[in-house]
Amino acid sequence: MNNSVGNTARLLWAGLRALLVLTIVCGVLYPLAVTGIAQVAFGDKANGSETKDESGRVVGSSLIGQTYNLPKQNPDDPEEAAKPDLKWFQPRPSNGLGSNSVNTQYSLVLSGATNRSADNGAVGGHCTRDAEEGTLCAQVIAAKEAVVADNSTPGHQVRLEDVPADAVTSSGSGLDPDISPEYAELQIHRVAERNNLDVKQVEKLVADHTTGRTLGFMGEPRVNVLALNIALRAMTRS
């Protein structure tokens, strides 16, 4: 009996020591080491890739897209559609999963794609104005026409065929912070007109904020909309 009690006590004590050691190593030392290395080597990314404006105020993250809309006329009306503020460069559509309908007591940010196929609503294999309302084709056609209407100016007419895909479709997450250089260039004349700027100034602004492929071959050239609009605001205030 005594041997059994002693063996049990030794096993319990060994288990307790292992618990204490592993708690210190895995629960304290390892997280501190990882956090320290991340802060020293990748401080900006570890802190959420925060983006600051010209005054040093944090205005967002370079990894998450933002909308640039006019204030709603009736903020309490959930059915009122937001209208883009056309003095700013506009991001990709952010339809995603739509608004929170699971628990309306909380203002949740929902991320995700619609998961509609490319031919959803197509007529005869092509997207036309006859597409059924609510389908991806109908959504894309309406978005294209809106992009043309918003970005055409008295001296510059945008054509339907000039509208790139990222101007009328959301990303897989619905939170893409970047747009293609083609979509940024399409908006140049409208932004210049709305802000009383020379077109050449805005063209240079877009060129300066265009990032090439990672390591020269990964991904696609892109323009971060938040960084571009921060620079635009600084230009209009100078």
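The values are calculated or read from the model by the stated rules, or taken from the named source; none is laboratory data. Since we're looking at a predicted model, the values are computed, not measured. Here the Cβ positions follow ideal geometry from the backbone for every residue, glycine too, while neighbour counts run over all protein chains shown.
Read through the list (1) small (Gly, Ala, Ser); (2) more than 16 Å from the chain's Cα centre (by Cα); (3) at pLDDT below 95, then give the number of the only condition that Ala207 fails.
(3)
Residues in the stretch 134-155 that are within 13 Å of Thr169 (Cβ to Cβ) and either in contact with a Leu (Cβ under 6 Å, 6 or more places away or on another chain) or surrounded by fewer than 14 Cβ atoms within 10 Å (Cβ to Cβ) (or both): how many?
The number of residues fulfilling the criteria is 1.
Conditions: (1) surrounded by fewer than 18 Cβ atoms within 10 Å (Cβ to Cβ); (2) in a helix (DSSP H, G or I); (3) touching a Gly at 6+ places or on another chain (Cβ under 8 Å). Ser173 meets all but one. Number of the miss?
(2)
Does Met235 satisfy being hydrophobic (A, V, I, L, M, F, W, C), surrounded by fewer than 16 Cβ atoms within 10 Å (Cβ to Cβ) and in contact with a Leu (Cβ under 9 Å, 6 or more places away or on another chain)?
On the way: hydrophobic (A, V, I, L, M, F, W, C): yes; surrounded by fewer than 16 Cβ atoms within 10 Å (Cβ to Cβ): yes; in contact with a Leu (Cβ under 9 Å, 6 or more places away or on another chain): yes.
In short, yes.
Only one of Val34, Val40, Val25, Val21 is exposed (fewer than 10 other Cβ atoms within 10 Å of the Cβ) and either touching a helix residue (DSSP H, G or I) at 6+ places or on another chain (Cβ under 6 Å) or in a helix (DSSP H, G or I) (or both). Can you tell me which? Break it down into steps so the answer makes sense when it comes.
Details: Val34 fails: exposed (fewer than 10 other Cβ atoms within 10 Å of the Cβ); Val25 fails: exposed (fewer than 10 other Cβ atoms within 10 Å of the Cβ); Val21 fails: exposed (fewer than 10 other Cβ atoms within 10 Å of the Cβ).
Testing whether each residue is exposed (fewer than 10 other Cβ atoms within 10 Å of the Cβ) and either touching a helix residue (DSSP H, G or I) at 6+ places or on another chain (Cβ under 6 Å) or in a helix (DSSP H, G or I) (or both) leaves just Val40.
Could you pull out the residue among Gly60, Gly48 that is outside any loop (DSSP other than H, G, I, E, B) and either of a type in the set (Phe, Trp, Tyr) or surrounded by 11 or more Cβ atoms within 10 Å (Cβ to Cβ) (or both)?
Numbers: Gly48 fails: outside any loop (DSSP other than H, G, I, E, B).
Step by step, each of Gly60, Gly48 is checked, and only Gly60 is outside any loop (DSSP other than H, G, I, E, B) and either of a type in the set (Phe, Trp, Tyr) or surrounded by 11 or more Cβ atoms within 10 Å (Cβ to Cβ) (or both).
Assuming Thr236 fulfils every condition listed in (1) under 26 Å from Ser117 (Cβ atoms); (2) modelled with pLDDT under 95; (3) among the β-branched types (Val, Ile, Thr) apart from one, which condition is it?
(1)
Which residues, taken from the stretch 197-238, are outside any strand (DSSP E or B), among the polar types (S, T, N, Q) and under 22 Å from Thr67 (Cα atoms)?
Of the stretch 197-238, the ones outside any strand (DSSP E or B) are 197-209, 212-213, 215-217, 219-221, 225-238.
Those left that are additionally among the polar types (S, T, N, Q): 201, 229, 236, 238.
Scanning the stretch 197-238 gives Asn229, Thr236.
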